[in-house]
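Each remark here refers to the structure printed beneath this line.
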Amino acid sequence: MERDLLHTHSVLGKLFWKHIHAGSLFTFDVCKPILVSLDQQPPRGNLAHTTCGWAMQAAAYIFIHRKWKDDKSHFEDMIDYFCDIHEPLQLLIFPEGTDLTENSKARSNDFAEKNGLQKYEYVLHPRTTGFTFVVDRLREGKNLDAVHDITVAYPHNIPQTEKHLLYGDFPKEIHFHVHRYPVDTLPASREGLQLWCHRRWEEKEQRLRSFYQGEKSFHFTGHTIIPPCKSELRVFAVKLLSILYWTLFSPAMCLLIYLYSPVRWYFIITVVVFVLQERIFGGLEIIELACYRFLHKQPHLNVKKK
């Protein structure tokens, strides 16, 4: 069954997937809501030891070292696991690998010049190794329904750092262009997928050029679907409740830890358990994979401690 998918993230600088500022990403609609980061994700040593990293481990995010020879076997195990469990799944990948800055654009243009490729102004040249690997692996596991190509644009301001957020420089609007490619329309070969990916980036460059040099809106050719729950009042209420909740959550937790010893001990034990499991086993997602293989009597996972 054909489905339309739209990811609408409220992007707040590099505190949350700053790489979306590069303007483009892919989602793989493979029928467990889960966000799996590939080339753009900070290495495990920078993120997995934090409370945010523990939550990502519990959600089976894929942490990488940004070296394909070190990451390939872990990718294989994780993708095969997702295919084995056959739960609804969405994988998110940013093939550009980082956000769009003057330095990253200069490196991208150097790469283009060395390889006889077009130089881009609004996007970076994509890294196709992870993309083609994920598509091939999911197709082999018969667990790929479609690829959604999403282009993101900001008609006004683009906050890039935490400094912008502290000054209240939030994006006033975020525009998304979404194109769904069913799996049977994708090239069969890896070389074909690489070329297909580069073609999409050529389209993104043209699309974003038209956006920023024109009326700052995407030219739309498909059918608009407005979710019935997305009324202005509902959106305002959700925003208000979210701000209220997260404003009160941290001080409330600190107060509970200070006032009640059971809460204090629960907090301490939880931190110790998470730190030890990460140091000993490599992360919750590694334990999850190992338990699955053990319970289903499958071969030992060829994963490396990260």
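Among the candidates S231, S217, S250, S261, the residue that is over 26 Å from the mean Cα position of the chain (by Cα) and modelled with pLDDT under 90 is uniquely S231. Looking for something farther than 29 Å from L91 by Cα and of a type in the set (S, T, Y) - is there at least one such residue anywhere in segment 222-238? No, every residue in segment 222-238 fails to be farther than 29 Å from L91 by Cα and of a type in the set (S, T, Y). Beta carbons closer than 7 Å, at least 6 apart along the sequence or on distinct chains, pair a first residue in segment 165-181 that is within 21 Å of E205 (Cα to Cα) and modelled with pLDDT of 85 or more with a second that is open to solvent by less than 50 Å² (accessible area, probe 1.4 Å) and among the aromatic types (F, W, Y) for H175/F218; H177/F218.
For segment 285-306, filtering for residues that are open to solvent by less than 100 Å² (accessible area, probe 1.4 Å), within 17 Å of M56 (Cα to Cα) and modelled with pLDDT under 80 leaves 1.
For segment 79-134, the set of residues classified as aromatic (F, W, Y) and farther than 30 Å from H296 by Cβ consists of F94, F111, Y120, Y122, listed by residue number. All conditions but one from (1) open to solvent by 10 Å² or more (accessible area, probe 1.4 Å); (2) within 16 Å of G141 (Cα to Cα); (3) modelled with pLDDT of 85 or more; (4) under 21 Å from the mean Cα position of the chain (by Cα) apply to I79; the one that does not is (1). Among the residues making up segment 107-126, those that are acidic (D, E) and either buried (at least 20 other Cβ atoms within 10 Å of the Cβ) or under 27 Å from T161 (Cα atoms) (or both) are D110, E121.
The set of residues in segment 166-176 being open to solvent by 70 Å² or more (accessible area, probe 1.4 Å) and over 23 Å from the mean Cα position of the chain (by Cα) consists of L166, Y167. Of everything in segment 177-216 that's over 25 Å from S108 (Cα atoms) and of a type in the set (A, V, I, L, M), which residue is surrounded by the fewest Cβ atoms within 10 Å (Cβ to Cβ)? Filtering first and then ranking leaves A188. Taking the conditions exactly as written (part of a helix (DSSP H, G or I) and either modelled with pLDDT under 90 or closer than 29 Å to H65 by Cα (or both)), does V275 satisfy them or not? Against the criterion (part of a helix (DSSP H, G or I) and either modelled with pLDDT under 90 or closer than 29 Å to H65 by Cα (or both)), V275 qualifies.
Would you confirm whether or not segment 48-57 contains a residue that is in a loop (DSSP other than H, G, I, E, B), aromatic (F, W, Y), modelled with pLDDT of 80 or more and touching a helix residue (DSSP H, G or I) at 6+ places or on another chain (Cβ under 9 Å)? Break it down stepwise before answering.
Quick first cut of segment 48-57, residues in a loop (DSSP other than H, G, I, E, B) only: 48-50.
Still in the list and also aromatic (F, W, Y): none.
Taking every residue of segment 48-57 in turn, none turns out to be in a loop (DSSP other than H, G, I, E, B), aromatic (F, W, Y), modelled with pLDDT of 80 or more and touching a helix residue (DSSP H, G or I) at 6+ places or on another chain (Cβ under 9 Å).
Just give me the residues in segment 82-106 being charged (D, E, K, R) and either surrounded by 15 or more Cβ atoms within 10 Å (Cβ to Cβ) or under 27 Å from F274 (Cβ atoms) (or both), in sequence order. Reasoning before the result, please.
Let us first name the residues in segment 82-106 that are charged (D, E, K, R), namely 84, 87, 96, 99, 102, 105.
Passing the criteria: D84, E87, E96, D99, K105.
Against the conditions (1) surrounded by 13 or more Cβ atoms within 10 Å (Cβ to Cβ); (2) within 25 Å of R127 (Cα to Cα), K142 satisfies every one except (1).
The single condition among (1) within 17 Å of the chain's Cα centre (by Cα); (2) buried (at least 18 other Cβ atoms within 10 Å of the Cβ) that T129 does not satisfy is (2).
The values are calculated or read from the model by the stated rules, or taken from the named source; none is laboratory data. In this text the structure is predicted, and so the values were computed from the model without any measurement. Methodologically, a virtual Cβ is constructed for each residue, glycine included, from the backbone with ideal geometry; neighbour enumeration extends over all protein chains shown. The protein model used for the area step is the full one, side chains on, heavy atoms only, and it has no ligands, DNA or RNA in it. Shrake-Rupley method; radii C 1.70, N 1.55, O 1.52, S 1.80 Å.
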